[in-house]
Amino acid sequence: MRAVLFSEFGERPELADVPEPECPPRGAVIRVRATGVCRSDWHGWMGHDDTISLPHVPGHEFAGEIAELGSEIDSDSGWAVGDRVTAPFICACGRCSECLSGNEQVCDAQSQPGFTHWGSFAEYVVVDEAELNLIRLPDALGFVEAASLGCRFATAYRAIISRSRLAPGEKIAVHGCGGVGLSAIMIAVAAGVTVYGVDVSDAALDAAEKLGAVPVRGGEGAAERILAASGGGVDVSVDAFGSSETAFASVQSLKKRGRHVQIGLMVGTSALAAMPMDAVIAGELEILGSHGMAAHEYPSMLGAVAEEFFRPIELVGRRISLDEVPDALAAMGTAGAAGSGMTVVEL
Ligand SMILES: [Zn+2]
Ligand SMILES: [Zn+2]
């Protein structure tokens with residue numbers, strides 16, 4: 001099969017001919033029809049993720065059709081070859097204590113296509129524990145739209161709807177208006193609250209404003225500008241970029257008893273980011289993490305999309321082919337990518 005492969009971290013990936021994956025007994029092989037290009041793929045390529053072993057095929061936001069089911073999957077499982085499916089980017093084991101409590105998004109033994117094994121920048125990708133992790137696509141949802149939901153939109157959906165406990169009449173700031181940030185803005189605007197979109201890029205601010213957010217210039221002084229615009233701080237603030245600076249500014253944007261939700265990945269020097277803990281205690285602030293979304297939470301999101309409660313397809317900027325992935329991946333490392341929408345590969 002054709003796949004985008006890299007043999008060294010940071011070295012340009014190549015389109016290569018590689019063997020088709022073998023189907024695990026409880027897994028499935030998916031014929032990839034669409035797959036998103038995400039900053040996490042770029043982090044993986046740069047060597048920021050220690051679960052990757054070389055050579056490697058990235059790609060973790062996909063939709064496609066079941067090509068093969070594992071030998072241990074019963075015919076009465078409800079799944080069949082040809083079914084249109086997606087999967088969370090964190091595939092769960094189904095047996096650890098987190099899975100048993102319904103928190104598959106933080107599974108102790110998770111597998112991640114594009115990280116722990118070869119991913120979806122290829123014609124075929126393996127999903128482990130298929131009966132737990134496969135998600136059926138509503139007929140109304142195309143492959144490109146479904147792939148665009150798999151990582152950034154699902155992460156934003158759970159962060160806003162579930163983790164932040166955003167309530168009617170509240171105000172929210174979203175720091176970083178890239179893929180996950182614009183998704184968060186779309187979801188918060190649909191919830192009917194006041195949304196501030198914060199970014200250093202004019203294109204990103206324009207995109208945020210088009211979705212219904214109040215644009216706020218990012219960088220030095222961003223928190224002060226939100227405090228001024230919101231009349232003393234927001235109830236919820238999200239760091240959708242993932243850096244020491246944006247996380248700090250997000251917490252500083254909160255009013256008392258506000259909730260910060262970290263959804264941008266914190267890698268490298270940002271992993272140990274400083275926090276204004278004096279404000280956390282004095283204002284009883286909450287600092288929350290949000291990490292993907294479990295398969296069982298997808299139907300409510302997919303239903304809302306199918307009913308056009310929000311339209312994530314509007315967040316898709318460019319549709320490319322597999323051989324354009326190396327360039328698209330390299331572009332992820334530059335700030336100029338902000339505001340131009342998600343890039344989705346069609347196969
Ligand atoms: Zn992603
Ligand atoms: Zn588990």
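No lab work stands behind these numbers, since they all come straight from the coordinates. Worth saying up front: this structure is predicted, and the values here are computed from it rather than measured. Cβ sites come from the backbone with ideal geometry, for glycine too, and all protein chains shown count toward neighbours.
Here the relative contact order of segment 154-289, from alpha carbon pairs under 8 Å that lie six or more residues apart, stands at 23 percent.
Entry note, segment 199-262: relative contact order of 27 percent, from Cα contacts under 8 Å with a spacing of 6+ residues. Result for the chain in a Gaussian network model with C-alpha springs under 10 Å: among 154, 109, 87, the largest mean-square fluctuation is at 109. Legend: ranking of residues 296, 117, 175 from fewest to most surrounding C-beta atoms inside 10 Å; resulting order 296, 117, 175. Computed 3J(HN,Hα) for segment 4-13, one whole-Hz value per residue from the Karplus formula 6.51 cos²θ - 1.76 cosθ + 1.60 where θ = phi - 60°, is 8, 10, 10, 9, 9, 5, x, 8, 4, x, glycine and proline marked x. I'd like the distance separating the alpha-carbon centroids of segment 23-66 and segment 174-252, in whole Å. One Cα centre to the other: 29 Å. In order along segment 160-166, the Karplus-derived 3J(HN,Hα) couplings, from 6.51 cos²θ - 1.76 cosθ + 1.60 at θ = phi - 60°, round to 7, 6, 9, 5, 7, 6, 3 Hz, and Gly and Pro are given as x. Among 255, 210, 171, the order by Cβ neighbours within 10 angstrom, fewest to most, reads 210, 255, 171. Dividing the summed -39500 (n - 2.57) terms of all DSSP H runs of n ≥ 4 by the residue count of the chain sets its mean residue ellipticity at 222 nm at -6500 deg cm²/dmol. Applying 1/(1 + (r/R0)^6) with R0 = 56 Å to the Cβ-Cβ distance of residue 71 and residue 217, what FRET efficiency is obtained, to the nearest 0.05? Given R0 = 56 Å and the Cβ-Cβ separation, E is 0.50. Panel order for 115, 121, 248, by other beta carbons found within 10 Å of each beta carbon, from fewest to most: 248, 115, 121. Between amide H atoms placed 1.01 Å from N, distances below 5 Å from residue 196 occur with 172, 173, 174, 214, all of them 5 or more places distant or on a separate chain.
Once backbone amide H atoms are built at 1.01 Å from N, residue 123 has 2 as its partners under 5 Å, excluding neighbours fewer than 5 places away on the same chain. Quote the relative contact order of the chain in percent (integer), defining contacts as alpha-carbon pairs under 8 Å separated by 6+ residues. It comes to 19 percent, rounded to a whole number.
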